[in-house]
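A.B. asks: A single structure is presented below for examination.
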Ligand SMILES: [Zn+2]
């Protein structure tokens, strides 16, 4: 009987304790926020703070830095360029440079690149930095189709045709090249090239323009055609 009573008392006591233990209603007193990951203009950050009584950690998101004024103008230029590349819109692409690079392809090849870029070209902006009075930098990760080998084999076929038909019109040569590229593209699984690119911009008159892009820009816009072309004809 006594044993039983003791047991009951113990049980009640335990039950009374339980919610206290489970709920553990600590009225947290947090310390200062610490930045775990700083926010950028393109990505949110993370911060956390700890309760100095129970050690509970609270985390929170730091919003992206506001993109305004000059920085916004600079970033917009790069966005316009990258979107225009995806669409292979030559007029728009040209406008984005202080001195237009060689991003033009012979007419018959343009629809091919356009289609490739639409499917494989994408980008992610990482950072924007004003580096001088009329100078800035934008960093971006860019993914673009790598058709180096299909282009190389197509150029071989093209040159064979040129040798066999030395008197054909240049438009005939171009259409042979276009057809050959299309044929080769069906044989190959198209790889994606990933590059982190730093675009250097200058303010030229009213507009921010790309002055340099730490990469052969024509490869970025033309699925590595420039590389394939240069390497192929370096052998001639
Ligand atoms: Zn606490």
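A.B. asks: Please sort 161-168, 223-230 by packing, taking for each peptide the average over its residues of neighbouring beta carbons within 10 angstrom, highest first.
C.D. replies: 223-230, 161-168
A.B. asks: Would you calculate, for the chain, the mean residue ellipticity at 222 nm contributed by helices, counting each DSSP H stretch of 4 or more residues as -39,500 (n - 2.57) and dividing by all residues, to the nearest 500?
C.D. replies: -14500 deg cm²/dmol
A.B. asks: Taking the convex hull of the Cα atoms, report for the chain its projected area averaged over all directions, in nm².
C.D. replies: Dividing the Cα hull surface by four gives the mean projection, 23.6 nm².
A.B. asks: Can you tell me the 0 to 90 degree angle between the C-alpha axis of helix 148-164 and the longest principal axis of the chain, rounded to 10?
C.D. replies: Once rounded, the angle reads 10 degrees.
A.B. asks: Another one. Pairs of alpha-carbon atoms within less than 8 angstrom and 6+ residues apart define the contacts here; what relative contact order does the chain have, in percent?
C.D. replies: 18 percent
A.B. asks: Does segment 52-92 come out rounded, prolate or oblate, given a ≥ b ≥ c as the square roots of the eigenvalues of its C-alpha gyration tensor, rounded meaning a/c under 1.5 and, failing that, prolate meaning a/b above b/c?
C.D. replies: oblate
A.B. asks: By how many nm would the segment from residue 37 to residue 207 grow when fully extended, if each residue of separation counts as 0.36 nm and the alpha-carbon distance is taken off?
C.D. replies: 57.9 nm
A.B. asks: By how many degrees, 0 to 90 and rounded to 10, does the Cα axis of helix 170-187 deviate from the longest principal axis of the chain?
C.D. replies: With both axes taken from Cα atoms, the answer is about 30 degrees.
A.B. asks: A follow-up question, please. Compute the helix-to-body angle for 225-234: its Cα long axis versus the longest principal axis of the chain, expressed 0 to 90° and rounded to tens.
C.D. replies: The angle comes out near 50 degrees.
A.B. asks: Now for a separate question. Count the DSSP beta bridges whose two residues both fall in the chain, then state the antiparallel fraction as a percent rounded to the nearest 5.
C.D. replies: Around 95 percent antiparallel, to the nearest 5.
A.B. asks: Simple spin-label model, 7 Å along Cα-to-Cβ: residue 174 to residue 135 in nm?
C.D. replies: Rounded to a tenth, the inter-label distance reads 4.0 nm.
A.B. asks: What shape does segment 121-181 have by the C-alpha gyration tensor, where a ≥ b ≥ c are the square roots of the eigenvalues, rounded means a/c under 1.5, and otherwise prolate means a/b greater than b/c and oblate the rest?
C.D. replies: Taking the square roots of the gyration eigenvalues as a ≥ b ≥ c, segment 121-181 is prolate.
Read-outs: derived from the displayed coordinates by stated rules, not from any lab. The structure presented is a predicted model; accordingly, all values stated were derived computationally and were not measured. With ideal geometry, Cβ positions are generated from the backbone for all residues, glycine too; neighbour counts draw on all protein chains shown.
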